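The structure under discussion appears below in the form of structure tokens.
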Amino acid sequence: MNKVGLIIGTLPAKYIGIAAGGIATHIEGLIDSLHKKEIQTYICYHKPFGIKHPEVINSSRIGWALAVLKGLIMLLFIQEHHWKKYTFKTNILLAYYYATLRCFFKQETPDFIHIHSLYNPVSIALKLLKYNNNIIVTDHGFWVDTNNLTNNMTIHLLKESFDVATKIIYISDFALIQHQKMQLGNLDKLVKISNPSFFYRYPCKQNTKTKNQKYRLIFNGYGKSMTIKGLPFLLDAVNNNEYLSRNLELLIICNDEAHNYLRQRIWNFEYKVFGRTKFKDILDMYVQSDILVVPSKFESFGLVYTEALAVGVPVIGYHEMIKEFRKTLATYIGESINIMQEQPTDLAHKIIKCLETPFNRMEVRNALLKSYDWDILIDRFLSLYYDSKSVE
């Protein structure tokens, strides 16, 4: 019998999705790894992109609208569904998933469903549809948006998603601490699997900087550039340090809000701004750079850190994740920063220190391959999907 899986999460570039890196890159790697194991893998998400692909379920705008309408009507006749427990948006998404997956299950019965986010209401739809195989949820940082955690409806959704799941994957030691604080459900469901990548596919940076050439610093934080990823903190650090403003060029991948912020001010340094960027172009930008700096307030893992490190670029980032990477990789990778307690002047000094500290690119790359490569970690996912039964 053919093995079948279903991924619920944002469409990656492989499917002409518009998401920028992060979870989309993770999902693409996961699907590629499942294909290697000869597992037929479908993907579904609640944002219509108008894309047709044999593995993408109901992605057209018309299909989305019809599914929502059909789902809302069907939910009216389900006594177990309590409308007032959820926000209007959650009910709309729940209707979409209920109708879409009800139709899909007439054609396929996936061995497992892997949901990427505790916030996704698809778990409630699966409960109403009485889906009985493994439901795995990867938590990519439920605590990051603190405003959501003051909303009773949101807390209820998180707890219900936790309850429906067979297992919850957390991706870092810091994430485990957040789960222990929130107590969303039975903590025995928690399993740690860090976010892997296909690092051997990444290019390797070579020493190309000439004596009089400026250093290139890359900031890769398209999502929530201003509020979470710490771009204003970085800009202040560089702008108010004479050495850095004179010797750095910044490559800034950011959203429209951050772009407007940059345009409305005069800066003492050179910079180039990029919006939503294809992953292969981001890899090329890493090759051109000397350091990655993303001084986030929070990170659930920090894929951008491991991406840059694999190419051969030292990093400065969220202190909890840099601490974990240092422990795992056991070699110099860069510096950590806690922008909730430190100042932009501290970051400036750390940038200079990082640029002046020897960095062994191949040693870091080899350590990443041993700890975070898909070919090593995919079997851990499969053990969850198939109840610890080995999959050949």
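The values are calculated or read from the model by the stated rules, or taken from the named source; none is laboratory data. Here the structure is a predicted model, which means the values were calculated and not measured. With ideal geometry, Cβ positions are generated from the backbone for all residues, glycine too; neighbour counts draw on all protein chains shown. Note: accessible area is taken over every heavy atom of the protein model, side chains too, but ligands, DNA and RNA are not part of it. Shrake-Rupley method; radii C 1.70, N 1.55, O 1.52, S 1.80 Å.
For K370, indicate whether it is touching a strand residue (DSSP E or B) at 6+ places or on another chain (Cβ under 8 Å), surrounded by fewer than 17 Cβ atoms within 10 Å (Cβ to Cβ) and of a type outside the set (F, W, Y).
no
Pick from the stretch 86-101 the residues that are in contact (Cβ under 8 Å) with a residue 40 or more places away in the chain and over 22 Å from the mean Cα position of the chain (by Cα): which of them is surrounded by the most Cβ atoms within 10 Å (Cβ to Cβ)?
Y96
For residues in the stretch 102-134 being of a type in the set (V, I, T) and crowded, with 20+ Cβ neighbours inside 10 Å, which is farthest from K85 (Cα to Cα)?
My answer is I113.
State which residue is nearest to W374 (Cα to Cα) when the search covers only the stretch 33-53 and only residues that are open to solvent by 20 Å² or more (accessible area, probe 1.4 Å) and touching a strand residue (DSSP E or B) at 6+ places or on another chain (Cβ under 9 Å).
In this case the residue turns out to be H35.
So P358 fits all but one of (1) touching a Phe, Trp or Tyr at 6+ places or on another chain (Cβ under 9 Å); (2) surrounded by fewer than 14 Cβ atoms within 10 Å (Cβ to Cβ); (3) assigned to a helix (DSSP H, G or I); what number is the exception?
Of the numbered conditions (1) touching a Phe, Trp or Tyr at 6+ places or on another chain (Cβ under 9 Å); (2) surrounded by fewer than 14 Cβ atoms within 10 Å (Cβ to Cβ); (3) assigned to a helix (DSSP H, G or I), the odd one out for P358 is (3).
Tell me which of these S383 doesn't satisfy, since it passes every other one: (1) free of Cβ contacts under 8 Å to residues at least 40 places away in the same chain; (2) within 30 Å of E249 (Cβ to Cβ).
(2)
Which one is farthest from L382 (Cα to Cα) among residues in the stretch 135-150 that are touching a residue at least 60 places away in the same chain (Cβ under 8 Å) and open to solvent by 20 Å² or more (accessible area, probe 1.4 Å)?
So the residue we want is V144.
Name the residues in the stretch 315-340 that are in a loop (DSSP other than H, G, I, E, B) and open to solvent by 10 Å² or more (accessible area, probe 1.4 Å), would you?
Once the filter is applied, which keeps residues that are in a loop (DSSP other than H, G, I, E, B) and open to solvent by 10 Å² or more (accessible area, probe 1.4 Å), the stretch 315-340 yields A330, T331, Y332, N338, I339, M340.
Just give me the residues in the stretch 41-53 being in contact (Cβ under 8 Å) with a residue 40 or more places away in the chain and not in a loop (DSSP other than H, G, I, E, B), in sequence order.
Within the stretch 41-53, Y42, C44 qualify.
Among the strands (runs of 3 or more DSSP E) confined wholly to the stretch 197-308, which include 3 or more residues that are under 19 Å from K350 (Cα atoms) and at pLDDT 95 or above?
215-220, 248-253, 291-294
If T277 satisfies all but one of (1) within 18 Å of F233 (Cα to Cα); (2) surrounded by fewer than 24 Cβ atoms within 10 Å (Cβ to Cβ), what's the number of the condition it fails?
If we test T277 against (1) within 18 Å of F233 (Cα to Cα); (2) surrounded by fewer than 24 Cβ atoms within 10 Å (Cβ to Cβ), just (1) comes out false.
With respect to L384, determine if the residue is within 30 Å of N134 (Cβ to Cβ), in contact with a strand residue (DSSP E or B) (Cβ under 6 Å, 6 or more places away or on another chain) and part of a helix (DSSP H, G or I).
Spelling it out, L384 is indeed within 30 Å of N134 (Cβ to Cβ), in contact with a strand residue (DSSP E or B) (Cβ under 6 Å, 6 or more places away or on another chain) and part of a helix (DSSP H, G or I).
How many residues does the stretch 274-293 contain that are of a type outside the set (S, T, Y) and over 22 Å from A24 (Cα atoms)?
3
Among the residues of the stretch 23-40, how many are outside any strand (DSSP E or B) and more than 20 Å from the chain's Cα centre (by Cα)?
5
Only one of these conditions is not met by L149: (1) part of a helix (DSSP H, G or I); (2) over 21 Å from the mean Cα position of the chain (by Cα). Which number is it?
Every listed condition holds for L149 apart from (2).
Going residue by residue through the stretch 189-207, is there one that turns out to be crowded, with 16+ Cβ neighbours inside 10 Å and without any contact (Cβ under 8 Å) to a residue 24 or more places away in the chain?
yes
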